[in-house]
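Taking it in order: structure first as structure tokens, then the write-up.
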Amino acid sequence: MTLNSSEWEILNLSFIPISTESALSACTAIDLGATVQLAFTISNEYNVSNVSAARVKLYTSYNNATWDTDSYATFDNDFTVGSTIRTTVPVCPDPRYMKVRIHNQNTTGNISSVVVYATQKYIS
């Protein structure tokens with residue numbers, strides 16, 4: 001058995017409008033079958049009118065077709081007006097498949113350059 005590592009972009013959106021959440025279908029699913037460690041990194045840009053952080057919601061599936069309606073976990077990206085912020089959060093990889101949705105909680109402006117990366121360590 002070998003411990004391998006992979007990193008890839010699972011979501012890339014030029015912007016998310018005011019008070020809107022990205023579609024689950026916009027995200028690439030992660031197969032967690034042999035995963036022993038998992039982390040998500042979100043990077044996004046806040047404009048000068050933003051007043052709150054982007055919220056990351058993780059969704060799970062047992063078959064990569066039917067997705068849970070409630071989020072498995074939720075966390076907020078850090079927030080600084082007029083800045084690009086990047087945050088990495090470790091996540092328990094117990095479910096079989098996982099995707100993310102990003103919620104723009106701002107009622108005052110879009111968030112832009114939204115990218116989510118997954119870093120996975122798995123056994124092969």
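The values are calculated or read from the model by the stated rules, or taken from the named source; none is laboratory data. In this text, all values refer to a predicted model and were calculated from it rather than measured experimentally. Counting neighbours? That spans all protein chains shown, and the Cβs are built from the backbone with ideal geometry, glycine included.
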Practice problem: Those residues that are surrounded by fewer than 17 Cβ atoms within 10 Å (Cβ to Cβ) and closer than 21 Å to Leu32 by Cβ, I need them from segment 73-92; list them, please. | Solution: Ala73, Thr74, Phe75, Thr88, Val89, Pro90, Cys92
Exercise. Give the residues of segment 45-70 that are farther than 26 Å from Arg86 by Cα and not hydroxyl-bearing (Ser, Thr, Tyr), sorted by residue number.
Key: Asn63, Asn64, Ala65, Trp67, Asp68
Quiz item: Going by the conditions given, is Ala39 in contact with a strand residue (DSSP E or B) (Cβ under 8 Å, 6 or more places away or on another chain), among the aliphatic types (A, V, I, L, M) and more than 14 Å from Leu11 (Cβ to Cβ)?
Solution: yes
Quiz prompt | Candidates Ser43, Ser49, Ser25 - the one that is assigned to a strand (DSSP E or B) and small (Gly, Ala, Ser) | solution = Ser43
Practice problem: Select from segment 85-124 the residues that are assigned to a strand (DSSP E or B), of a type outside the set (A, V, I, L, M, F, W, C) and within 19 Å of Glu7 (Cβ to Cβ) and list them in ascending order. | Solution: Arg86, Thr87, Thr88, Pro90, Tyr97, Lys99, Ser113, Tyr117, Thr119, Gln120, Lys121, Tyr122
Quiz item: Regarding Tyr59, is this residue buried (at least 19 other Cβ atoms within 10 Å of the Cβ), at pLDDT 95 or above and either polar (S, T, N, Q) or farther than 17 Å from Leu13 by Cα (or both)?
Solution: yes
Quiz prompt | Some residue of segment 34-45 being aliphatic (A, V, I, L, M), loosely packed, with under 15 Cβ neighbours inside 10 Å and modelled with pLDDT under 95 | solution = yes
Practice problem: Would you tally the residues in segment 24-69 being free of Cβ contacts under 8 Å to residues at least 12 places away in the same chain and within 15 Å of the chain's Cα centre (by Cα)? | Solution: 1
